[in-house]
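The values are calculated or read from the model by the stated rules, or taken from the named source; none is laboratory data. Keep in mind that what you see is a predicted model, and the values were worked out from it rather than measured. Cβ sites come from the backbone with ideal geometry, for glycine too, and all protein chains shown count toward neighbours. Only protein heavy atoms, including side chains, enter the accessible area calculation; ligands, DNA and RNA are left aside. Shrake-Rupley method; radii C 1.70, N 1.55, O 1.52, S 1.80 Å.
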Amino acid sequence: IPASLALLLLGLIPFVGTAVAWTLGALIGGWFVALEFTAVPFDRRGLRLRDRRRILARHRAQTVGFGAMAFVMSAFAPLAVLMMPSAVAGGTLLARAALDEDERITLATSTGDHAVGTAHEAAGDGSS
């Protein structure tokens, strides 16, 4: 609520404040939209909201970029209907990429091997 109030007050500043408030609102809203669109893949793996936040925070730029685009496109009714299936699929792909990366980091730290994440590249099998 404090962030919403700050954005409201910022939006009252003519010209620049409106643009900045709208942009920050889209970025903050994008974070929450991305959390929502990645909920099902995380829930199916038994991960809770705090785990989802932690894992997606490691990919903040990618997460906010995806979420902001979904947020902006859902603001327009015709686009919202058309973009929903692709946003769900995109959220699943984002979750998969983030979970794969988190699994490699966890495996590397638990074994002490810092080259685990690049095993496919080192093998040259092209399956990365």
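Which one of Ala68, Ala97, Pro2 has its Cα pushed farthest toward the positive end of the charge dipole of the chain, where Lys and Arg give +1 and Asp and Glu give -1 at the Cβ?
After comparing all options, I get Pro2.
When the helices in the chain are scored as -39500 (n - 2.57) per DSSP H run of 4 or longer and the sum is shared across all residues, what 222 nm value do you end up with, to the nearest 500 deg cm²/dmol? Before the final figure, lay out the partial values.
Details: 7 runs with 102 residues, N = 128.
Value at 222 nm, helices only, nearest 500: -26000 deg cm²/dmol.
Rounded to the nearest 0.05, what FRET efficiency is calculated for Leu79 and Leu12 with R0 set to 35 Å and r the Cβ-Cβ distance?
On the way: r = 28 Å, r/R0 = 0.79.
Working from the Cβ atoms, E equals 0.80.
What share of all Cα pairs of the range 24-112, in percent, falls into each consecutive 10 Å distance bin?
18, 48, 26, 7, 2, 0
How large, in percent, is the carbon and sulfur part of the accessible surface of the chain at a probe radius of 1.4 Å? Display every interim value, and only then the final one.
Working: 5730 of 8490 Å².
Using a 1.4 Å probe with all protein chains present, the chain comes out at 68 percent carbon and sulfur.
Lys/Arg Cβ at +1, Asp/Glu Cβ at -1, dipole of the range 1-121 taken about the Cα centre: which of Pro14, Trp31, Met84 is farthest positive-ward?
Pro14
Could I have the simple spin-label model distance between Asp43 and Val88, label points 7 Å from Cα toward Cβ, reported in nm to one decimal?
Spacing of the two 7 Å Cα→Cβ label points: 1.2 nm.
Once fully extended, how much extra length lies between Arg104 and Arg60, figured as 0.36 nm per residue of separation less the alpha-carbon to alpha-carbon distance?
Details: separation 44, 0.36 × 44 = 15.84 nm, distance 1.77 nm.
Stretched fully, the Arg104-Arg60 segment lengthens by 14.1 nm.
Among all helices in the chain defined by DSSP H, which have a length of 24 Å or more along the axis from Cα atoms plus a Kyte-Doolittle mean of at least -0.5?
Working: long enough: 16-37 (31 Å, 1.50); 77-111 (50 Å, 0.64).
Taking the DSSP H segments of the chain (at least 24 Å long, mean hydropathy at least -0.5), we get 16-37, 77-111.
Based on Cβ point charges of +1 for Lys and Arg and -1 for Asp and Glu, what charge dipole magnitude is obtained for the chain about its Cα centre, in debye rounded to the nearest 20? If you can, show how the numbers build up before the last one.
Working: 11 positive and 10 negative charges, 88 e Å.
That gives a dipole near 420 debye.
As a test of understanding, state the convex hull volume per residue of the range 70-113 from its alpha carbons, in Å³.
Numbers: hull volume 2.2 nm³, N = 44.
It comes to 50 Å³ per residue, whole-number rounded.
Please state the relative contact order of the chain as a whole percent: Cα pairs under 8 Å, 6+ residues apart? Mind showing how you got there, number by number?
Values: 106 pairs, mean separation 27.1, N = 128.
Result for the chain is 21 percent.
Please work out the average accessible area per residue across the chain, using the 1.4 Å probe convention, and give it in Å². Could you put the intermediate results ahead of the total?
Numbers: 8490 Å² over 128 residues.
Accessible area per residue, the chain: 66 Å².
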